[in-house]
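Okay, so here's the structure we're looking at.
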Amino acid sequence: MTLRSGSLASLIIALTAFAMPGFAHAQAKPKQVTVYIDSVMAADTNEGTDPRLAPMSAKLRGLFGFSTYSLIGHNEGQTDCGKMVAFILPGGKILHVQPRAIDGDMIAMEIVLFDGTRPMMTTDLKLKNNGTLIVGGPRYEQGMMIISIGASTGESHPMQATPAEANTR
Amino acid sequence: MAECGEISMMLGAFEDSELEPNEMQEVAFHLARCESCTGILGDYSTLGRNLRSIAPEPKLAGFSSAVVARVERLPQPVLTRIERWLWRQAHSVGSGIAWSGAVAAVAVATIILMTPYAEQFANRGPHSTTSIAETGHEAATAANQVAQATASEPTMADNDSHADISRLESENHSVAVWSEPRRGTTVIWLPDQP
């Protein structure tokens, strides 16, 4: 069985047409994810909520029963899917976040929290775009530490603390 | 600060958590400042994950029963076979007696425990009706409160929990996870261990 030259050309054109989108997709820049970390000290010292935590104060007060919430650190990092980004947090904690994939409105990622040298927690999860995961519990100064981890595929994140005024103790 | 050359030698072991604590700390701190090593670690992680995903798992369904059956088929001395047969007979007789005893004990316990309720059920009167009515009223009140609470909450959908955790590993045995759909947050709580 032989193919005529016209049929062969048509076949090549059709295959090229099908292959081009895939090739273009493979060449596309990996999707970027911005990770926002707010480190908060929560305590029962009746000092109220730090004004820099205004965007998330209602959430914190709704989730936990502390009388004091103070922002002790704010970090942001942008990374490509598949690449890990590391943050040094107050209290000797280190946080590694590796976005793995973007599936619709969800961002799949791996999060590892270290307490100095010791891995405290490793988790795989899918976080909604602009959603937050809160990791809390470790003791910090006169209270406890609450780490709010947010991820976004866009430019802004609605629940982050005021970065310009945030500092690290 | 350690050089990238030294750190890169330890990245594989770091990914597998096989380093000594001081080495873990050294690598973790280096990674927090070095994009190059962070990228290499990401590659290790991706490679390991991909290898794990393609590694075939042998099918072990029926393996143990096949081994036991094969052992059973091995030739045994006559005395051993007689001994086994006697053991099986004794076991079946013994287990039959044990089962009968267990069933009888459960039946007796059921009768003892259910008798007061059976009497109460038989003597059910106007008081029971009142308590049911009160319970219904309480349930309606509770439902009303829930409805009011729901109405006062933010408008986020109830199933919108924002995070779907597929794996969580921690040496902390007191770790707790809960979802707050109305606040769009999932919480992982790791209390310090004493």
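The numbers here are math on the coordinates, done by the rules we state, and not lab data. Keep in mind the model is a prediction, meaning the values are calculated, not measured. All Cβ positions, glycine included, derive from the backbone under ideal geometry; neighbour counts span all protein chains shown.
Any chance you could run the full-extension gain for B:R52 through B:M9? It's 0.36 nm times the residue separation minus the Cα-Cα distance, nm to one decimal.
Length gained between B:R52 and B:M9: 13.3 nm.
Between region B:25-63 and region A:77-134, how many Å separate their Cα centres?
Distance between centres, Cα-based: 15 Å.
Taking amide H atoms as placed 1.01 Å from N in the peptide plane, list the residues 5 or more away in sequence, or in a different chain, whose amide H sits under 5 Å from that of B:E180.
B:T185, B:T186, B:V187
Give me the inter-chain shielding for A:132-144: mean count of other chain Cβ atoms within 10 Å, whole number please.
Mean shielding by partner chains, rounded to a whole number: 4.
Under the Karplus relation 6.51 cos²θ - 1.76 cosθ + 1.60, θ = phi - 60°, what is the ordered set of whole-Hz ³J(HN,Hα) values for region B:90-98, x standing for Gly and Pro?
Karplus values, whole Hz, x for Gly and Pro: 5, 5, 5, 5, x, 5, x, 5, 4.
Taking every pair of Cα atoms in region A:32-165, average 1/r, invert it to obtain the Kirkwood radius, and report Rg/Rh to two decimals.
Taking Rh as the inverse mean 1/r over Cα pairs, Rg/Rh reads 0.96.
Please provide three numbers in whole Å: the alpha-carbon extents of region B:25-93 along the principal axes, with the largest listed first.
74, 26, 23
For peptide A:117-130, what's the mean number of Cβ atoms from other chains within 10 Å of each residue's Cβ?
6
Explain nothing, just compute: Karplus ³J(HN,Hα) = 6.51 cos²θ - 1.76 cosθ + 1.60, θ = phi - 60°, for every residue of region A:113-129 in order, whole Hz, x for Gly and Pro.
10, 9, 9, x, 8, 9, x, 8, 7, 10, 9, 10, 8, 10, 10, 5, 4
Would you list, by chain and number, the lysines whose Cα falls below 24 Å from the Cα of A:K126, excluding same-chain residues fewer than 8 positions away?
Cross-link targets: A:K29, A:K31, A:K59, A:K83, A:K93.
Apply the Karplus parameterisation 6.51 cos²θ - 1.76 cosθ + 1.60, with θ equal to phi minus 60°, to every residue of region B:34-46 and state each ³J(HN,Hα) to the nearest whole Hz, in sequence, with x for glycine and proline.
10, 5, 4, 5, 4, x, 5, 4, x, 5, 4, 4, 5
Does region B:4-54 come out rounded, prolate or oblate by the C-alpha gyration tensor, with a ≥ b ≥ c the root eigenvalues, rounded set by a/c under 1.5 and, if not, prolate when a/b is larger than b/c and oblate if not?
oblate
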